[in-house]
Amino acid sequence: MEQLRSMALELVRANVDIIVTSGAAGIQIAREATNKLPIVFARAGDALDQGIVQNLAHPGGNITGSSWFAPELSGKSIDILREISPNISHVAIFREAAAGAASATAAQTAARRYGIKATIFQARTPPEIETAFDGMTDAQVDAVIVLEGLLISNNSRRIAGLANNNRLPTIFFDSASVDAGGLVSYGPNFTQMHIRAAYFVDRILKGTKPSDLPVEQPTKFDLAVNMSTAKQIGLNIPATFLLRADRVVE
């Protein structure tokens, strides 16, 4: 994270044809580094909420890419947690401090509909992850929604481990986090979104301006569950839930 700004400036000095990046921090730093070189973001949680573009259909400026409904999915996360752990009464919303606020707000709103208390915890650096989970323990939360971010994706195994040690059900957006030990994920296929970034690069190299390439949004969302993690934290996943899952990690 600390190296992003110097790396972005190095690319600008090298006068590259296109900068491809991902995540709120990387995107914002690339935008600060240049308003001339084309920028393609492989994935953004919510390009509008994070101020990356002003309009999805007409992004304007020197930037375009893919955005993936993070606020809507964070609200959906409450429904999924209630399905696998019906007795939850206090949920932690763990976010990266550099990310936009819309996802955390949507999760809180969804929790309130069911009378569930929702408390936001956040981290700016890796050491603050442990501090956040210490706070969750003190607050006696009984489930965790893990929002998307570069810091979080880089530390998903650590986050999953901390949650599992405290027997806390977790839901992530990225299925890679389920492979890293997270309980459940629900979200787009991030690998495919990164592959799709090549489409934008191709169009720009052939002469299309980034401002003329609408920001794309995924249409398919995958549900994954880690049964080994469920066993570790003592949670029985309903059979109906498993039947709906796109992928089950044993």
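The values are calculated or read from the model by the stated rules, or taken from the named source; none is laboratory data. None of the values given here were measured: they were computed from a predicted structure. Cβ atoms come from the backbone with ideal geometry, glycine included; neighbour counts cover every protein chain shown.
Among the numbered conditions (1) surrounded by fewer than 24 Cβ atoms within 10 Å (Cβ to Cβ); (2) in contact (Cβ under 8 Å) with a residue 24 or more places away in the chain; (3) farther than 17 Å from Leu150 by Cα, the only one that Gln28 does not meet is (3). Ala30 meets all of the listed conditions (1) assigned to a helix (DSSP H, G or I); (2) under 29 Å from His90 (Cβ atoms); (3) of a type outside the set (Ser, Thr, Tyr) but one, namely (2). Do we have any residue at all in region 68-79 that's assigned to a loop (DSSP other than H, G, I, E, B), among the hydrophobic types (A, V, I, L, M, F, W, C), under 30 Å from Glu10 (Cβ atoms) and at pLDDT 95 or above? No: region 68-79 contains no residue that is assigned to a loop (DSSP other than H, G, I, E, B), among the hydrophobic types (A, V, I, L, M, F, W, C), under 30 Å from Glu10 (Cβ atoms) and at pLDDT 95 or above. Does Ser228 count as modelled with pLDDT of 95 or more and touching a helix residue (DSSP H, G or I) at 6+ places or on another chain (Cβ under 7 Å)? Considered against the rule, which asks whether it is modelled with pLDDT of 95 or more and touching a helix residue (DSSP H, G or I) at 6+ places or on another chain (Cβ under 7 Å), Ser228 comes out as no.
The combined condition, being more than 16 Å from the chain's Cα centre (by Cα), at pLDDT 95 or above, surrounded by 22 or more Cβ atoms within 10 Å (Cβ to Cβ) and not small (Gly, Ala, Ser), is not fulfilled by Ile116. Assessment of region 34-42 against the conditions (farther than 27 Å from Ser175 by Cα and either without any contact (Cβ under 8 Å) to a residue 24 or more places away in the chain or among the aliphatic types (A, V, I, L, M) (or both)) yields at least one matching residue. For beta carbons closer than 6 Å, sequence separation of 6+ or different chains, a first residue in region 85-107 that is free of Cβ contacts under 8 Å to residues at least 24 places away in the same chain and over 20 Å from Met1 (Cα atoms) and a second that is assigned to a helix (DSSP H, G or I) and among the acidic types (Asp, Glu), there are no qualifying pairs.
The residues in region 164-186 that are surrounded by 17 or more Cβ atoms within 10 Å (Cβ to Cβ) and either hydrophobic (A, V, I, L, M, F, W, C) or over 14 Å from Leu81 (Cα atoms) (or both) can be counted, and the count is 13.
Here is the figure for region 193-208: residues that are surrounded by 13 or more Cβ atoms within 10 Å (Cβ to Cβ) and free of Cβ contacts under 8 Å to residues at least 12 places away in the same chain total 3. Scanning region 209-244 for residues that are touching a residue at least 40 places away in the same chain (Cβ under 8 Å), over 21 Å from Ser156 (Cα atoms) and among the small types (Gly, Ala, Ser) returns a single hit, Ser211. Of Arg157, Arg124, all but one fail to be closer than 26 Å to Phe241 by Cα and either in contact with a helix residue (DSSP H, G or I) (Cβ under 6 Å, 6 or more places away or on another chain) or surrounded by fewer than 16 Cβ atoms within 10 Å (Cβ to Cβ) (or both); the exception is Arg157. For Ala92, state whether it is assigned by TED's automatic domain parsing to the domain that holds Ile171, buried (at least 20 other Cβ atoms within 10 Å of the Cβ), in a helix (DSSP H, G or I) and modelled with pLDDT of 90 or more. Answer is no for this residue.
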